[in-house]
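Student: Structure below; questions to follow.
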Amino acid sequence: MQSLTGAWQFRQAGTEVWLPATVPGGAHTDLLALGRIPDPFVGDNERRVQWVAEADWEYQRSFTVPAELLAKERIFLVCDGLDTLATVELNGQTLGRTDNMFRQYRWDVKPVLQVGANELCITFASPVRYASARQEARPLRGVSQAIPGGPHVRKAPCQFGWDWGPQLPPVGIWKDIRLEAFDSARLSEVHLRQFHANGEVKVEVEAEIETFEPVAELLALAVTITAPDGSAIEKTIERAFEVSKTSKVSISISDPQLWWPNGYGAQPLYEVKVEVKVEVKAGSSASTLASASYQIGLRTIELRQEPDEWGRSFTFVVNGQPIFAKGSNWIPADSFPTRLTEAALEGLIRSAAQTHQNMLRVWGGGFYEDERFYDLCDRYGILVWQEFIFSCSVYPLDDPAFIENVRHEAVENIRRLRHRASLALWCGNNEMEWGWHDWGWNRPEMQDLKDAYDRFFHHTLPAWCAAEDGDHAYWPSSPSSDTPFVDPNGQIQGDAHYWDVWHGRKPFTAYRSQYPRFMSEFGFQALPPLETIRTYAAEPDWNMTSYIMEQHQKNASGNSLMVGQMLDTFRLPKDFESLVYLSMVLQAEGIRYGVEHWRRHTRRVSGTLYWQLNDCWPVASWSSLDYFGRWKALHYAARRFYAPLVLSIEDASPCQAIFLSSDLHEAWQGSVHWALTTLDGKMLASGEKAAHVEPSGVTAVEKLDFSGFLDDDTRRELVFVAELWQGDRRLAGQTAFFVPTKHLSLVDPQINADVTLKEGLLAIELSARSLARLVECSLTGADVIFSDNYFDLPAQKAICVTAPLPAGWDLATARAALKVRSVYNTYSR
């Protein structure tokens, strides 16, 4: 192989001067590196750089080909990702044109190459102009926040704009580009399968080759499986391709180490190396013509759908163990994906795992992620609900050329990902069946497109999946009942998206009216942390309705919906900083309310994936991690509500009911302590009860009626506190109230913070003279992740949180930088 990444040149088509470029990359990032455009993420610069995607761009590179490479039998130019409408020329000859950013393109270039200097030129046509022209010729329904015409182009839909993302469609070489040279043969396909029986795992490797000279009868197929401890099993089949271009090798692993989702066990990974070898002459060692390596985890997975008292279940089962899916929805982590570093990507996946998440839904409005993403999901035990890239739009699925283009895309990505331990499901699209059912698409003049949708997602695409990967379930759309165009968001069978709390402006209590079989989307927005807002808005713009703040709010009514729900719960914030904080704790409280409810009903509900985990730029959105990976209040709440053992309170004034929900593999026993107190800690009633919960079970511990303690005045003065104990160790705490937080008679809690160093960590012991609601800890000048944050601190109780000591800091610096606040600090009195 000869890499062609690195230093290139580029220019806008029609101009003279070539400028330095970096590949992988794109026009926006190259212009930004040269200082020729402002940062699109700052202020309103997004609109100032629209011309970039409206222009055509040329990229070129000169490279040297040595004689020994040119002596190979076959040489290919391989482009893993061209974004999107490209014409590729080598030494003045046109190799081909591309129209799909999700496909690999490969051309035989030996006849065109020459020893010494060669020149490669790739011209990219504007995706915006192309999409606009196609849309004018044939209008298709799309997303209101997007540049029109996106469904006509096989490009990440959200790059044209979404209700959380900017209109910044990248243009350029976004993945690896290289020469691949072969003498006699290459591996054209490898299919890895597992068969589990009687405590053993048989790994089957089916390899297909492409040969360039008549040597098939001399070729051997060698497979080596290396276990996590470094031990290896090897097997070779001589003359493996004598009869056919495909061959199989099976290797049995007698003491397999099984791979489990996060929280259910370990994630041991095996390496499978596949080699095609040729015996040069009798008695000599064989030389390797082609090889490929794969990372696999040994596990079984199924989507179990069985009749039950509520309809039909929707439960993922791994190694025979039903899994309650706890997770979120994944979007592209940068509007310019080539900028995403391995460290930043791992930070996002690690943060998901640290909050007990075991599933991410790779949403159909983005793109198929690169190998780094799936490597990390394999390592961290994150199951992947993988969608094909169709979302919220009507696509030209009646066009044979479009279907053929998508066939190549689908087959290639199925083959690329089907061996992954993390892969859980193939899903056809995002919300398109819902669109045909409820969004006004089902009109007489659109019946041909509805019929095309039906053929593609209910027949063609599942057939491709079954042919290429018989080991993973296919699901037609999300949400769907799996009965075409019938109740796609129902609660009898299938998965559901529930947006009535956000778009419908219903209160958080509405979540308790929902009992989906699997909740794959629901969410509520928040602003990002203030340090992130600083990166795009100057202090004069720190107002919810300022021009710049609204440029970084892509949901048309988003800020109004946030503030409206905020004022239902909290008092009017006194300043912008308080508003930012309240938006985050409001989001955390709302999503907690829903997840805890569904975890109290795990026999009926088999998973919750909140919208969304991450951001692609700094923005007000539904994410729990902002663009820089900072934890918002929701992410801290997720670490509590997704804990393997969660204590929750079902509050229905005047009653408070205590529940335990468990993902543990063993029965748990302990006790629940509860108390009804005044806000300043005066005890009015209390109790303790032994608690037991079965593996993966739910226990209703106790229901208490406090009617005798409540009147119009006292209900504002009281707090119900429940704590989970095992022996003398407090595991968790919860609070509930009898009025909205805005009506509580809060007083200055006078929080005391005692900061010490323990085993290299900052230990912060917090106590208060009166209830401190939703306490936030931060260190001015440093980004750290606390062991807990945004929690209630009852009066006369101490809670200790820890955090890493920032590099170069000492204890005195940390004490001076520590900032603690609560809801009390957010409003004027």
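Student: For residue 552, which sequence-distant residues (separation of 5 or more, or a different chain) have an amide H within less than 5 Å of its own amide H, given hydrogens modelled in the peptide plane?
Tutor: Counting only residues 5 or more places away or on other chains, the set is empty.
Student: Sorted by packing (mean other beta-carbon atoms within 10 Å per residue), highest first, where do 473-486, 548-561, 706-719 land?
Tutor: The packing order, highest mean first, is 473-486, 548-561, 706-719.
Student: 7 Å from Cα along Cα→Cβ at both residue 445 and residue 226: what's the point-to-point distance in nm?
Tutor: Placing both labels 7 Å beyond Cα along the Cβ direction yields 6.2 nm.
Student: Using a Förster distance of 22 Å, how high is the FRET efficiency between residue 713 and residue 829, based on the Cβ-Cβ distance and rounded to 0.05?
Tutor: With a Förster radius of 22 Å, E is 0.70.
Student: Can you list, largest first and rounded to whole Å, the semi-axes you get for segment 494-589 by taking the square root of 5 times each eigenvalue of its Cα gyration tensor?
Tutor: In descending order, the three semi-axes are 27, 14, 11 Å.
Student: Let me ask you something else. In nm, what is the difference between 0.36 nm times the number of residues separating residue 94 and residue 686 and their Cα-Cα distance?
Tutor: 205.0 nm
Student: Show me, bin by bin at 10 Å from 0, the whole-percent P(r) of segment 332-457 based on Cα pairs.
Tutor: The percentages, shortest bin first, are 12, 37, 30, 17, 4, 0.
Student: Under a plain spin-label model, where a point goes 7 Å from the Cα along Cα-to-Cβ, how far apart in nm are residue 350 and residue 312?
Tutor: Using points 7 Å along Cα→Cβ, the separation is 4.2 nm.
Student: Follow-up question, since we're still on this one. With the radius of gyration and the Kirkwood radius both derived from the Cα set of segment 692-829, what is their ratio Rg to Rh?
Tutor: 1.03
Student: What span do the alpha-carbon atoms of segment 613-694 cover on each of the three principal axes, reported in whole Å from largest to smallest?
Tutor: Projected onto the principal axes, the Cα atoms of segment 613-694 cover 49, 38, 20 Å.
Student: Right, next: Out of segment 552-647, which chymotrypsin sites (Phe, Trp or Tyr not before Pro) are coil in DSSP terms and have no more than 16 other C-beta atoms within 10 Å?
Tutor: 628
Student: Can you tell me the convex hull volume per residue for segment 52-107, based on C-alpha atoms, in Å³ to the nearest whole number?
Tutor: 100 Å³
Student: Grab the other residues whose beta carbon is less than 13 angstrom from that of residue 752, score K and R as +1, D and E as -1, and report the net.
Tutor: Combined, the nearby Lys, Arg, Asp and Glu give 0.
Student: Using 1/(1 + (r/R0)^6) with R0 = 41 angstrom and r between the beta carbons of residue 144 and residue 745, what's the FRET efficiency to the nearest 0.05?
Tutor: 0.40
Student: Continuing with the same structure: Enter the mean projected area of the convex hull around the alpha-carbon atoms of segment 647-711, in nm², rounded to one decimal.
Tutor: Taking the Cα atoms of segment 647-711, their convex hull projects to 4.7 nm² on average.
Student: Which lysines have a Cα less than 23 Å from the Cα of residue 175, not counting those fewer than 8 places away in the same chain?
Tutor: 110, 155
Student: How large, in percent, is the carbon and sulfur part of the accessible surface of the chain at a probe radius of 1.4 Å?
Tutor: Its accessible area is 48 percent carbon and sulfur atoms.
Student: Another question, if that's okay. Mean residue ellipticity at 222 nm from the helices of the chain, using -39,500 (n - 2.57) per DSSP H segment of n ≥ 4 over the full residue count, to the nearest 500 deg cm²/dmol?
Tutor: The helix contribution divided over the chain gives -5500 deg cm²/dmol.
Student: Report the gain in length on full extension from residue 285 to residue 665: 0.36 nm times residue separation, minus Cα-Cα distance, nm rounded to one decimal.
Tutor: Difference between extended and current length: 131.7 nm.
Student: While we're here: Quick one: plug the Kirkwood hydrodynamic radius of the chain (C-alpha pairs) into Stokes-Einstein at 20 °C, 1.002 mPa s, and report D in µm²/s.
Tutor: 74 µm²/s
Student: Here is a further query. For the chain, what is the accessible area per residue in Å² when the probe is 1.4 Å?
Tutor: With the other protein chains kept in place, the chain gives 38 Å² per residue.
Student: Moving on to the next point. Which of the aspartates and glutamates could a cross-linker span from residue 797 if the Cα-Cα distance has to be under 19 Å and same-chain partners fewer than 8 positions apart are dropped?
Tutor: The reachable aspartates and glutamates, counting only those whose Cα sits under 19 Å from residue 797, are 680, 688, 717, 723, 728, 748, 754, 765, 776, 788.
Student: Normalise the Cα radius of gyration of segment 672-744 by 2.2 N^0.38 Å (N = residues in it) and let me know the number.
Tutor: Output field value: 1.23.
Student: Between residue 673 and residue 703, what FRET efficiency comes out of the Förster formula 1/(1 + (r/R0)^6) with R0 = 22 Å and r the beta carbon distance, rounded to 0.05?
Tutor: In this case the efficiency is close to 0.85.
Student: Here's something else I'd like to know. Just from the alpha-carbon atoms, what are the Rg and Dmax of segment 121-182 in angstroms?
Tutor: Both quantities, over Cα of segment 121-182: 14.3, 49 Å.
Student: List the lysines whose Cα sits under 19 Å from the Cα of residue 248, skipping any in the same chain fewer than 8 residues away.
Tutor: In chain and number order, the partners are 202, 235, 273, 277.
Student: What distance in nm lies between label points placed 7 Å from Cα along the C-beta direction at residue 206 and residue 601?
Tutor: 4.3 nm
Student: Another question about this same structure. Could you calculate the contour length gain from residue 295 to residue 237, that is, 0.36 nm times the residue separation minus the distance between their Cα atoms, to one decimal place in nm?
Tutor: Going from the current span to full extension adds 18.7 nm.
The values are calculated or read from the model by the stated rules, or taken from the named source; none is laboratory data. All figures in this text were calculated on a predicted structure; none of them were measured in a lab. With ideal geometry, Cβ positions are generated from the backbone for all residues, glycine too; neighbour counts draw on all protein chains shown. Areas reflect the complete protein model, heavy atoms only, side chains present, ligands, DNA and RNA absent. Shrake-Rupley method; radii C 1.70, N 1.55, O 1.52, S 1.80 Å.
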